[in-house]
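Presented below is the structure to which this report refers.
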Amino acid sequence: MNEKIFCITQKDKNIENITNANELYEVGTLCEITQKTITPSGDIKLFIKSIEKCRLDKIIEKDGCLFGTVKNIRKSKITEDQDELNRIKTVVL
């Protein structure tokens, strides 16, 4: 399975049906769907694995669903250096 999903949170947890992009935060996580199960009641359960931090670029509504495009958020030089230090620490330990 090589499906992806962009996971973001809504600003107001009391809104049950999101109808507009302003009700969502722009930054979230692009994830890979590793397992999908449909329950006897028709609910869909997903197991996901985080890939990278992204920003919502554009969103459209189609047939009652929200679809969007995302852009990855580039890591800063400091973050890249910290990642390298963490890899070195792992090797040394």
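Some notes on this structure:
- Given +1 at the Cβ of Lys and Arg, -1 at the Cβ of Asp and Glu and no other charges, the dipole of region 14-55 around its Cα centre is 200 debye to the nearest 20.
- The residues of region 30-74 expose, per residue, 82 Å² of accessible area to a 1.4 Å probe.
- Set Lys4/Lys45; Lys11/Lys49; Lys4/Lys53; Lys13/Lys62; Lys4/Lys58; Lys11/Lys58 screened for pairs whose C-alpha atoms are more than 19 Å apart: Lys11/Lys49; Lys13/Lys62
The values are calculated or read from the model by the stated rules, or taken from the named source; none is laboratory data. Everything numeric in this text was worked out from a predicted model, so none of it was measured. Cβ sites come from the backbone with ideal geometry, for glycine too, and all protein chains shown count toward neighbours. Areas reflect the complete protein model, heavy atoms only, side chains present, ligands, DNA and RNA absent. Shrake-Rupley method; radii C 1.70, N 1.55, O 1.52, S 1.80 Å.
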